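Please read the structure below before turning to the comments.
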Amino acid sequence: MNTLKERLQLALAAAGPNKSMAGLSRHAGVSRTAVSLWFSGATQKLDGENLLRAAEYLGVSPQWLATGKGRVQFDENQDHSQGKNAGEAKYVAVPIYSTHGACGFGYMNDSVEIEGQFSMPRTLLDRLGVTAQNAALIHAKGDSMSPYICDGDLVLLNRAETRIQNGLIYAFLDEDEVMIKRVQKGFGSITLTSDNPNKAIHPDRSVPGNAELLVLGKVVWRGG
């Protein structure tokens, strides 16, 4: 991820339910307002003691948190106050797919390019119910799903979840483009809705209930 905000959000999500922005504030010895600025993107760089304490609390390496480069997790040979288990997290290289191909993931060897990879904690994937084989990342385009998903966000799909459920968000192949929409099931029809309340620009779309929708996967996480 290219920004401090993105790396902080991912690290906190992966750290588990016992970690929080309030806890990070206490551990780093800074105000909650300061931590909020870190996570909002207003603060674009951490260094010195703030960087070291934030990395220690979140269980990631200071180099990765500061730059996005290098190993994500602590070196197991280093001494950190969280103990020897801090470096034992396993990471999965999740492919980032181009959404500009003419076909869906079922044809990805022919039409969809892998733009790169992103290391995600296996513990996070486990909590989301996604296996490494079924995890795929795409970039969101536009603001039709804001405020939940914003333009440029990385969106994690579970490719095993292609049977749509009411109220959840999925990625679909619509002709030559990938669209991300929330599904609302009605009597005899399915509505693909945008979270953006401006329906003049982002109208909902209704399709017959028996329509063959090419579902690429369920959206289970986004970061941006």
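The table for this structure:
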| item | result |
| --- | --- |
| Candidate set from segment 183-200 (those that are out of contact with any strand residue (DSSP E or B) (no Cβ under 7 Å at 6 or more places or on another chain) and surrounded by 11 or more Cβ atoms within 10 Å (Cβ to Cβ)); member that is modelled with the lowest pLDDT | K185 |
| Cβ-Cβ under 8 Å pairs, at least 6 apart or on other chains, segment 44-57 side in the same structural domain as S31 (by TED's automatic domain parsing) and of a type outside the set (G, A, S), far side outside any loop (DSSP other than H, G, I, E, B) and surrounded by fewer than 10 Cβ atoms within 10 Å (Cβ to Cβ) | none |
| Segment 194-217 residues that are assigned by TED's automatic domain parsing to the domain that holds L168 and farther than 20 Å from P147 by Cα, paired with ones that are among the basic types (K, R) and modelled with pLDDT of 90 or more (beta carbon under 9 Å, 6 or more apart) | V215/R163; L216/R159; G217/R159 |
| Odd one out for T191 among (1) in contact with a Ser or Thr (Cβ under 6 Å, 6 or more places away or on another chain); (2) touching a residue at least 40 places away in the same chain (Cβ under 8 Å) | (2) |
| Test: V219 is under 23 Å from S98 (Cβ atoms), of a type in the set (V, I, T), assigned to a strand (DSSP E or B) and within 14 Å of the chain's Cα centre (by Cα) | yes |
| Count of residues meeting criterion [buried (at least 19 other Cβ atoms within 10 Å of the Cβ) and either assigned to a loop (DSSP other than H, G, I, E, B) or among the charged types (D, E, K, R) (or both)] in segment 134-152 | 4 |
| N158 being surrounded by fewer than 19 Cβ atoms within 10 Å (Cβ to Cβ) and not assigned by TED's automatic domain parsing to the domain that holds L8 | no |
| Among residues of segment 165-181, those that are under 26 Å from Y97 (Cβ atoms) and either surrounded by fewer than 19 Cβ atoms within 10 Å (Cβ to Cβ) or modelled with pLDDT under 90 (or both), counted | 11 |
| Some residue of segment 84-95 being among the aliphatic types (A, V, I, L, M), modelled with pLDDT under 90 and part of a helix (DSSP H, G or I) | yes |
| Complete set of residues in segment 1-20 that are closer than 20 Å to L128 by Cβ and either of a type in the set (A, V, I, L, M, F, W, C) or touching a residue at least 40 places away in the same chain (Cβ under 8 Å) (or both) | M1, E6, R7, L8, Q9, L10, A11, L12, A13, A14, A15, G16 |
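The values are calculated or read from the model by the stated rules, or taken from the named source; none is laboratory data. Since the structure is predicted, the reported quantities are computational estimates derived from the model, not experimental observations. Neighbour counts run over all protein chains shown; Cβ positions are idealised from the backbone, glycine included.
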